[in-house]
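Asker: Dropping a structure here in structure tokens format, bear with me for questions.
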Amino acid sequence: MIEQREQQIIDFIEKSGESSSKEIFDGVSISVSYATLKRLLIKLISENYILSKGQGKGTKYIISPTYKVIRPIDVEEYYKKEIDERNIKENFDFSIINDVLARNSIFTDNELLKLNELQNNFKNNISQLSENEYKKEFERLAIDLSWKSSQIEGNTYSLLETEKLLKEKETAAGKTKEEAIMLLNHKNALDFIIDNPDYLYPLSVSKIEDIHSILVKELAVERNLRKRRIGISGTNYKPLDNEFQIKEALQDACILINKKESVFEKALLAIVLISYIQPFTDGNKRTARIVCNAILMNEKYCPLSFRTVDSIDYKKAMLLFYEQNNISIFKDIFINQFEFAVKTYF
């Protein structure tokens, strides 16, 4: 979270525009020395909240274009307002992909340091596993991911019932056929990624459609990009309803993800942007989670199961991106789940 004095600095720059350190020091009512203020400015730059322009005494500070995308938001406070009371961005914004996210990183230096340390731990851990041991651990993660990903979409299978279904093809009493198919499709999609680890590299619209087709097989869901309007429960955000714009947005997202150097940024952007675009009539978030994991696995990074995420918290984090184009809460989920996966499975 941003400290109060840091927020005051950000608020001053946001209100005043381009400002020197002296102007900030004179204009912000915080009891710190000039040297401390300079350290706070350096910290805010490292966190991508502000940018510096010029050199020496001519240095000026401005708000980073990513500030609104990554600034911390109190999600509980945000959702105290009902749907119609929230001031939201109702329409899809192409500039988020092509301008803000294309030119800036969504992770701070410290976040990337933490993620890379966890990845190194993962590499060290799996180097000590036999091939059979690794397969067993991945199977455990695959069951957890299939269960949680389906639960987020309203599937009522328990984790134990999911394990019996995926291992022994034993369906649970009192559950619908569609729920079993959804879970089995998740497993099939993961098996496909394991067998074809570089299939989604580079990422393309047609390959995302292929993953979606596996996930909705034998379910009453249209394949390929949608050609009609859809609504999303719990929000007034309206996804694109023009099939040509939907394809354009998904192509832009693929170009952006392919250009990013950080594997973590590729994976996080894939899961958020596919969900934001809503390219299919149904199965968007399921597809996004599998694509995210395919990107990680192609680079031999630890995949995510999302097992400990509360389904409501997941949806709230995603809706926050839809409504405010703010990724902060979902980024926290991503980092926490990467840490959980490294420490739990491998």
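Asker: Could you identify the single residue in Ala294, Ala317, Ala288 that is over 13 Å from the mean Cα position of the chain (by Cα) and either of a type in the set (Gly, Ala, Ser) or not in a loop (DSSP other than H, G, I, E, B) (or both)?
Answerer: It is Ala294.
Asker: Also: Within segment 242-269, restricting attention to residues that are surrounded by fewer than 15 Cβ atoms within 10 Å (Cβ to Cβ) and not in a helix (DSSP H, G or I), which residue is farthest from the chain's Cα centre (by Cα)?
Answerer: So the residue we want is Asn242.
Asker: Please enumerate the residues belonging to segment 77-103 that are in a helix (DSSP H, G or I), within 20 Å of the chain's Cα centre (by Cα) and of a type outside the set (Gly, Ala, Ser).
Answerer: Those that are in a helix (DSSP H, G or I), within 20 Å of the chain's Cα centre (by Cα) and of a type outside the set (Gly, Ala, Ser): Tyr78, Phe94, Ile96, Ile97, Asn98, Asp99, Val100, Leu101, Arg103.
Asker: Hey, can you tell me all the residues within segment 144-178 that are of a type in the set (Ser, Thr, Tyr) and over 27 Å from the mean Cα position of the chain (by Cα)?
Answerer: Across segment 144-178, the qualifying residues are Thr171, Thr176.
Asker: Separate question: Go through segment 143-164 and give me each residue that's more than 23 Å from Lys315 (Cβ to Cβ) and either touching a helix residue (DSSP H, G or I) at 6+ places or on another chain (Cβ under 6 Å) or not assigned by TED's automatic domain parsing to the domain that holds Arg307 (or both).
Answerer: Glu163 - this is the single residue of segment 143-164 that is more than 23 Å from Lys315 (Cβ to Cβ) and either touching a helix residue (DSSP H, G or I) at 6+ places or on another chain (Cβ under 6 Å) or not assigned by TED's automatic domain parsing to the domain that holds Arg307 (or both).
Asker: Within the group Lys53, Lys89, Lys57, which residue is in the same structural domain as Tyr276 (by TED's automatic domain parsing) and within 29 Å of Lys43 (Cβ to Cβ)?
Answerer: Lys89
Asker: Follow-up. Name, by its number, the condition in (1) surrounded by fewer than 21 Cβ atoms within 10 Å (Cβ to Cβ); (2) modelled with pLDDT of 95 or more that does not hold for Lys135.
Answerer: If we test Lys135 against (1) surrounded by fewer than 21 Cβ atoms within 10 Å (Cβ to Cβ); (2) modelled with pLDDT of 95 or more, just (2) comes out false.
Asker: Next question, about the same structure. If I filter segment 1-53 down to residues being of a type in the set (S, T, N, Q) and assigned to a strand (DSSP E or B), which single residue comes out as farthest from Ser328 (Cα to Cα)?
Answerer: Ser19
Asker: Can you report the number of residues in segment 270-285 which are out of contact with any Lys or Arg (no Cβ under 6 Å at 6 or more places or on another chain) and either part of a loop (DSSP other than H, G, I, E, B) or among the hydroxyl-bearing types (Ser, Thr, Tyr) (or both)?
Answerer: 5
Asker: Please specify each residue of segment 82-100 satisfying the condition of being exposed (fewer than 11 other Cβ atoms within 10 Å of the Cβ) and either touching a helix residue (DSSP H, G or I) at 6+ places or on another chain (Cβ under 6 Å) or free of Cβ contacts under 8 Å to residues at least 24 places away in the same chain (or both).
Answerer: Those that are exposed (fewer than 11 other Cβ atoms within 10 Å of the Cβ) and either touching a helix residue (DSSP H, G or I) at 6+ places or on another chain (Cβ under 6 Å) or free of Cβ contacts under 8 Å to residues at least 24 places away in the same chain (or both): Glu82, Glu85, Asn87.
Asker: Okay, next question. Cβ-Cβ below 6 Å, separation at least six or inter-chain, first residue in segment 202-230 and free of Cβ contacts under 8 Å to residues at least 12 places away in the same chain, second not in a helix (DSSP H, G or I): which pairs?
Answerer: Lys207/Leu200; Ser213/Arg223
Asker: Filtering segment 15-68 down to residues that are charged (D, E, K, R) and under 30 Å from Ala102 (Cβ atoms), which residue is surrounded by the most Cβ atoms within 10 Å (Cβ to Cβ)?
Answerer: Within segment 15-68, the match that is surrounded by the most Cβ atoms within 10 Å (Cβ to Cβ) is Glu47.
The values are calculated or read from the model by the stated rules, or taken from the named source; none is laboratory data. Because the structure is a prediction, the values reported are computed rather than measured. In this analysis, Cβ positions are derived from the backbone assuming ideal geometry, glycine residues included, and neighbour counts consider all displayed protein chains.
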